[in-house]
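Notes to accompany the following structure.
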Amino acid sequence: MTSRYIYTKNRLFWENIKPTIGNYKIIKELVGKEKNIDALTALAKYHRQSDKKLIASFFKDEKTKNYALMSVIEFPDDFFYPFVKRILLNEWTPTDGGYDSNRLILCYEALAKYPRAETIELFEKTIKIKDESRYKTLCEYLLIGISKYPNKIYEPIKQKIKVDEGVMNSVNDYLEYDK
């Protein structure tokens, strides 16, 4: 594939591109030199240790954090865990405009790729929220994450979440649409 074919801003293209050796150099250049955020997830698919700092650099800008989270879902290396955790905790309380639902869903999806005690603690913190509205919203996002990336250690969390049929329909609709 030549650069004429690979240089595109079509996100669907980047999500479906196969991580071949021939594409790597072009993708890395697009991400590194041109800061092409659509190619960032494609770069993450290579799981190269040498790319971790470049991928992590996209956590610094508000406009690119969601792309960095999508990259972590593709490349859930321990290096990225503190970044994801920090974003979740910063987004925990809604601002005047409400939650950044896309970012929170991506946080829970990314965290679900890290089945460990620390992740369970964060998920437990979510299900212990006393405010009913926050509980409903954050548990919906949590359910999306642990349903999309299931692990047997998340089953006890799933069993503790009590939400109405509307929330469950919303979760199922999201998962169906996101296939």
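Looking for something in a helix (DSSP H, G or I) and exposed (fewer than 13 other Cβ atoms within 10 Å of the Cβ) - is there at least one such residue anywhere in the stretch 119-130? Yes: one or more hits. Restricting attention to the stretch 128-157, the residues that are of a type in the set (D, E, K, R) and over 18 Å from Leu106 (Cα atoms) add up to 6.
Assess whether Ile55 counts as being touching a residue at least 24 places away in the same chain (Cβ under 8 Å), more than 25 Å from Leu175 (Cα to Cα) and either assigned to a helix (DSSP H, G or I) or touching a strand residue (DSSP E or B) at 6+ places or on another chain (Cβ under 9 Å) (or both).
So Ile55 passes the test.
All conditions in (1) in contact with a Gly (Cβ under 8 Å, 6 or more places away or on another chain); (2) of a type outside the set (D, E, K, R); (3) assigned by TED's automatic domain parsing to the domain that holds Asn36 hold for Tyr108, with the sole exception of (3). Annotation note: of Tyr67, Tyr81, Tyr46, the sole residue that is more than 30 Å from Thr137 (Cα to Cα) and in contact with a helix residue (DSSP H, G or I) (Cβ under 8 Å, 6 or more places away or on another chain) is Tyr46. Could you tell me whether the stretch 131-140 includes any residue that is without any contact (Cβ under 8 Å) to a residue 12 or more places away in the chain and not in a helix (DSSP H, G or I)? Yes: one or more hits. Take the conditions touching a residue at least 60 places away in the same chain (Cβ under 8 Å) and surrounded by fewer than 20 Cβ atoms within 10 Å (Cβ to Cβ) and apply them to Tyr99. Does it pass? So Tyr99 fails the test.
The values are calculated or read from the model by the stated rules, or taken from the named source; none is laboratory data. All figures in this text were calculated on a predicted structure; none of them were measured in a lab. Note: ideal-geometry Cβ built from the backbone for every residue, glycine included; neighbour counts use all protein chains shown.
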